[in-house]
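To keep things clear, I will list the structure first and then write my remarks on it.
The values are calculated or read from the model by the stated rules, or taken from the named source; none is laboratory data. Remember, predicted model here, so these are calculated numbers, not experimental data. So basically every Cβ, Gly included, is an ideal-geometry build from the backbone, and we count neighbours across all protein chains shown. Please note that ligands, DNA and RNA were not included when accessible areas were found on the heavy atoms of the full protein model with its side chains. Shrake-Rupley method; radii C 1.70, N 1.55, O 1.52, S 1.80 Å.
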Amino acid sequence: MSSWSQVNIEFSPSSKGNYQVTKEIEAQIKDELKKYKMGIVNIFLLHTSAALTITENHDPHVRTDMDMALDRIAPENLPYEHTEEGKDDMPAHVKSSLTGASLNIPISNGKLVLGTWQGIFLCEFRQAIHKRKAVITISGSTE
């Protein structure tokens, strides 16, 4: 039988950086996820100055290198017009647009299917600590 579920989640508050949130997501959706034999999970971040990505989960240098590369693509010192929320806000919007606000991940036998070195990361682009939220939609076969 085909089924749909939806769960609202909150991530731990964080300041600028890339945070592995795979276990945090799994913990918040485990009761729903275990119902599915096969399907897909869509994780949609409800913010425009943060993002979600899948990247290597082993070497922490990957996270700092991503931060460095995105800071070079969208530095704070450009002559942005949107400045009401601080000098890191507009660069955060650019980085979020480039990285993305959602992910689709397959489900197999009640578990997320990720490669050996893959992890789900919340990319927080603002300096101040923010609490981020997401809507997770799960669809698939429960038989």
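Things to note:
- Cα shape, the range 14-83, gyration tensor, a/c 1.5 rule: prolate
- Surface accessible to a 1.4 Å probe, per residue, for the residues of the chain, Å²: 56
- Distance between the 7 Å Cα→Cβ label points at residue 72 and residue 38: 4.3 nm.
- Distance between modelled label sites at residue 2 and residue 22, nm, 7 Å Cα→Cβ extension: 3.0
- With Cα atoms, 0 to 90° folded angle of helix 89-99 axis to the chain main axis: 40
- Angle in degrees between helix 61-73 and the longest Cα principal axis of the chain, rounded to the nearest 10: 50
- Filter on 37/95; 37/131; 23/95; 95/131; 87/131; 111/133 - keep pairs with C-alpha separation over 27 Å: 37/95; 37/131
- In Å², nearest 10: area of residue 99 left accessible to a 1.4 Å probe: 40
- Value of [θ]222 nm, deg cm²/dmol, for the chain, DSSP H segments ≥ 4, -39500 (n - 2.57) each, nearest 500: -8000 deg cm²/dmol
- Backbone geometry of the range 20-27 corresponds, through the Karplus equation with coefficients 6.51, -1.76 and 1.60 at θ = phi - 60°, to 3J(HN,Hα) couplings of 6, 10, 4, 5, 4, 5, 4, 5 Hz, x marking Gly and Pro.
- Of 102, 139, the order by accessible heavy-atom surface (1.4 Å probe, DNA, RNA and ligands excluded), from most exposed downward, is 102, 139.
- For the range 37-43, Karplus couplings with θ = phi - 60° (6.51, -1.76, 1.60), whole Hz, Gly/Pro x: 7, 8, x, 8, 10, 10, 10
- Apolar share of the accessible surface for the range 9-143: 54 percent from carbon plus sulfur atoms, 1.4 Å probe.
- Relative contact order (percent, whole number), the chain, Cα cutoff 8 Å, 6+ residue spacing: 54
- For the pair residue 61 and residue 84, the difference between a 0.36 nm per residue extended length and the Cα-Cα distance amounts to 5.0 nm.
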